Amino acid sequence: MRDGLRVYNLFPTLAGTVKKWADHLPRIAAMGFNAVYVNPFHYPGFSGSLYAVKDYYRLNPLFRGAARGDDDRLLHDFTTAAQACRLRVIMDLVVNHTSKDSELAAGHPDWFAHDQNGDIRSPFAIDPADRRRKTVWGDLAELDYTGLHGGEIVGYFNDVVRHYQGLGFAGFRCDAAYKIPAKAWRGLIGAAKAVDPAVIFLAETVGAPKEAVLALSAVGFDYLYNSVKWWDFKSPWLLEQYELFRHIAPSIGFPESHDTPRLAAELRAAGIPESEFEPRYRQAYAFAAAYSAGVLMPMGYEYGWERRLSVVMDREPEVEPKRFDLSLYIAEINAMKLAIPALNEEGPLRLVPSGDDDLIVIERQTECGDDRVRIIVNRDTARERPQPGEGGLEFATVEPLGVRVVRIAKATPRKAEMPTEWRPEARIQIEDVYPQLDGGRYPVKRIDGEMFEVWADIFCDGHDRLGAVVKYRCEDGVWRETPLEFFDNDRWVGRFRLDQVGLWRYTIEAWTDRFESWREEIEKKRDAGQSLTLELREGQALLEAALPSAERDDASAIRAVLRDLDRGDDAARLDLLLSAAVRE
């Protein structure tokens, strides 16, 4: 299980200078977060907005203060302090636009989109609820990745990313990621992961059209942002969004962010009494953390701060009084999240009927189904609710505005109601294993240093190609594996060296090899002169599907192949997909 991200947004206009940022790190770590995200800290343009970057390599003077030393040293000291607290540092990567008066706009005006008058265009957004409402950000200049200089722009930001990787930044939150072409992201992310395969990229996709998010599939994003904050616990859209996007990347939920009003302000505007603020804060964070593989919380949420976060710092930040302190509660939620595998990855999810409009029950499980939980939310502000008791759950109640996360006990396997060999999981047969005595009850004997040969008949119904390995270890050592190779008919053989004296164990694992099955099918169709358009897309999809589980070198190689596939015609794509390098 890979731990899901638990991100604390250290908002720089509240946190002050870089030197002061480090003061918050022990407190953030104590709440159980494993990452700290900092909004843009670069030198801003004339508007002063954090997101209107003028110079990507200079520090905003507001965050430098009176500190001595160069900008890079200050930032590196901060990332080093975070690492000492076991916190990954994530920075904002704003690559869809710059400030209107940026160094890039002055030096490379041809890198930007232009309006009908020839002026550099400002980005804008149209309200999906009212197409007549258009917001234009006049202090920004929109970069044009689709023009002749798209490759140069990617190259420039490759250097920016590598620079900050060198300063210890281990992740990048990609602002308005859906506005950048997938090809550009593939280049940026691939270059960064070539430097450090563990670096992560978070795609900010809230409010993006469905098609724009789907276009980011297989470019290498590690997380997307979801819209759990706005769910009304009734409409089906959130669960539909989850199912649609979870195959692209796991998602991050949040109860509020720097782009939204503070929750306290929303509750006040809705006429919610002050006495309900704290339980609603608890509910919002617990549900966001339980619903999503990752969770994000902005600075001040733990205290119920109400003043909206501002990306423009025009005066010294005022510290609000604490409405309450949820630090311990948040630490408990984060600890629970860390301990439960189903809360750290996004497998199948379903809404479970509860028979009570105020009781929402969502069941989540890991992709392989070995861990399941139910998230139970009581929306009633006054009465506790009994949670459903079926599925191995013990009876309990959920307090008003409460959230309970309950792991479902694994059912005791029942005797199969059909012959064993008819079960779907028995479709691949492994028989006549050699050498063995009485099904492995007694050991066979060999001499230290010999090559040990394992033979078996491996077959299945249908025409799919199979793959197989023999796994082996000495005594209680680490399991190793070596491929089983097809010999003839249904017979396979594998070999490994007995490199020490002791009791050895081995077992055989076989599976349907989808890529080899695809290769065999497309070679037959190619030889028959048939159209290969769909098969080429299927081959590309197989590579894309392999990315999430690929190891470092393989993942880099797969991304390079996917970039080449974007550029080639069908003949070149076929040669590439059938190449020995891709097969390996």
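The values are calculated or read from the model by the stated rules, or taken from the named source; none is laboratory data. Note that the structure is predicted; figures quoted are calculated from it, not measured. Neighbour counts are summed over all protein chains in view; Cβ atoms, including those assigned to glycine, are modelled from backbone coordinates with ideal geometry. Surface accessibility is based on the protein's heavy atoms, side chains included, excluding ligands, DNA and RNA. Shrake-Rupley method; radii C 1.70, N 1.55, O 1.52, S 1.80 Å.
Somewhere in the range 473-482, is a residue among the acidic types (D, E), surrounded by 13 or more Cβ atoms within 10 Å (Cβ to Cβ) and in a strand (DSSP E or B)? Explain how you work it out, then say what you get.
Going through the range 473-482, the residues among the acidic types (D, E) turn out to be 475-476, 481.
Cutting the leftovers down to surrounded by 13 or more Cβ atoms within 10 Å (Cβ to Cβ) gives us 481.
If we keep only those that are in a strand (DSSP E or B) too, we end up with 481.
For the range 473-482, residues among the acidic types (D, E), surrounded by 13 or more Cβ atoms within 10 Å (Cβ to Cβ) and in a strand (DSSP E or B): present.
Within the range 543-553, is there a residue that is exposed (fewer than 13 other Cβ atoms within 10 Å of the Cβ), more than 30 Å from A192 (Cβ to Cβ) and modelled with pLDDT under 85? If you could, list the steps in order and put the result at the bottom.
In the first step, residues of the range 543-553 are kept if they are exposed (fewer than 13 other Cβ atoms within 10 Å of the Cβ); the result is 549, 551-553.
From what is left, the residues that are more than 30 Å from A192 (Cβ to Cβ) are none.
So far as the range 543-553 goes, no, none of its residues is exposed (fewer than 13 other Cβ atoms within 10 Å of the Cβ), more than 30 Å from A192 (Cβ to Cβ) and modelled with pLDDT under 85.
Select from the range 445-464 the residues that are in contact (Cβ under 8 Å) with a residue 40 or more places away in the chain, open to solvent by less than 90 Å² (accessible area, probe 1.4 Å) and part of a loop (DSSP other than H, G, I, E, B) and list them in ascending order.
Across the range 445-464, the qualifying residues are D448, G449, E450, D464.
Which of the residues that make up the range 493-535 are more than 17 Å from L574 (Cα to Cα) and among the small types (G, A, S)?
G494, G502, A510 - these are the residues of the range 493-535 that are more than 17 Å from L574 (Cα to Cα) and among the small types (G, A, S).
Please go through the range 1-33 and pick out each residue that is more than 17 Å from Y301 (Cα to Cα) and of a type in the set (S, T, N, Q).
Result: T17, single match.
Do we have any residue at all in the range 18-36 that's polar (S, T, N, Q) and either over 26 Å from the mean Cα position of the chain (by Cα) or assigned to a helix (DSSP H, G or I) (or both)? Write out each step before concluding.
Restricting attention to the range 18-36, the residues satisfying the condition of being polar (S, T, N, Q) are 34.
Of the ones still in play, those that are also either over 26 Å from the mean Cα position of the chain (by Cα) or assigned to a helix (DSSP H, G or I) (or both) are none.
Within the range 18-36 (the criterion being polar (S, T, N, Q) and either over 26 Å from the mean Cα position of the chain (by Cα) or assigned to a helix (DSSP H, G or I) (or both)), the answer is no, since none of the residues qualifies.
So which residues in the range 483-494 are outside any strand (DSSP E or B) and more than 37 Å from the chain's Cα centre (by Cα)? Please lay out each step first, then the result.
Quick first cut of the range 483-494, residues outside any strand (DSSP E or B) only: 484, 489-490.
Those that are outside any strand (DSSP E or B) and more than 37 Å from the chain's Cα centre (by Cα): N489, D490.
Failed condition for A198, given (1) open to solvent by 20 Å² or more (accessible area, probe 1.4 Å); (2) in contact with a Leu (Cβ under 7 Å, 6 or more places away or on another chain); (3) of a type in the set (G, A, S), with all others met?
(2)
Out of everything in the range 554-571 that is open to solvent by 50 Å² or more (accessible area, probe 1.4 Å) and either touching a residue at least 60 places away in the same chain (Cβ under 8 Å) or in a helix (DSSP H, G or I) (or both), what residue ends up being nearest to W185 (Cα to Cα)? Walk me through how you get there before you give the answer.
In the first step, residues of the range 554-571 are kept if they are open to solvent by 50 Å² or more (accessible area, probe 1.4 Å); the result is 554, 557, 563-564, 566-567, 569-571.
After this cut, where a residue has to be either touching a residue at least 60 places away in the same chain (Cβ under 8 Å) or in a helix (DSSP H, G or I) (or both) as well, the list is 554, 557, 563-564, 566-567, 570-571.
On the way: D554: 18, A557: 16, R563: 10, D564: 14, D566: 13, R567: 15, D570: 23, A571: 25 Å.
Checking each candidate, the answer is R563.
I'd like to check which strands (runs of 3 or more DSSP E) are fully inside the range 43-110 and have at least 3 residues that are open to solvent by 10 Å² or more (accessible area, probe 1.4 Å), in contact with a helix residue (DSSP H, G or I) (Cβ under 9 Å, 6 or more places away or on another chain) and in contact (Cβ under 8 Å) with a residue 40 or more places away in the chain. So that I can check it myself, show each step before the final result.
Details: elements: 53-59, 88-93, 97-99.
Once the strands (runs of 3 or more DSSP E) in the range 43-110 are filtered for at least 3 residues that are open to solvent by 10 Å² or more (accessible area, probe 1.4 Å), in contact with a helix residue (DSSP H, G or I) (Cβ under 9 Å, 6 or more places away or on another chain) and in contact (Cβ under 8 Å) with a residue 40 or more places away in the chain, what remains is 53-59.
Could you list, in sequence order, the residues of the range 136-171 that are open to solvent by 50 Å² or more (accessible area, probe 1.4 Å) and more than 30 Å from the chain's Cα centre (by Cα)?
Once the filter is applied, which keeps residues that are open to solvent by 50 Å² or more (accessible area, probe 1.4 Å) and more than 30 Å from the chain's Cα centre (by Cα), the range 136-171 yields V136, L148.
Could you give every pair whose Cβ atoms fall below 7 Å, whose first residue belongs to the range 250-276 and is closer than 16 Å to L309 by Cα, and whose second residue is of a type in the set (S, T, N, Q) and at pLDDT 95 or above, counting only separations of at least 6 or pairs across chains?
Qualifying pairs under 7 Å: H258/N9; H258/N39.
Is it the case that R519 is outside any strand (DSSP E or B) and either over 29 Å from S579 (Cβ atoms) or open to solvent by less than 40 Å² (accessible area, probe 1.4 Å) (or both)?
On the way: outside any strand (DSSP E or B): yes; either over 29 Å from S579 (Cβ atoms) or open to solvent by less than 40 Å² (accessible area, probe 1.4 Å) (or both): yes.
Yes.
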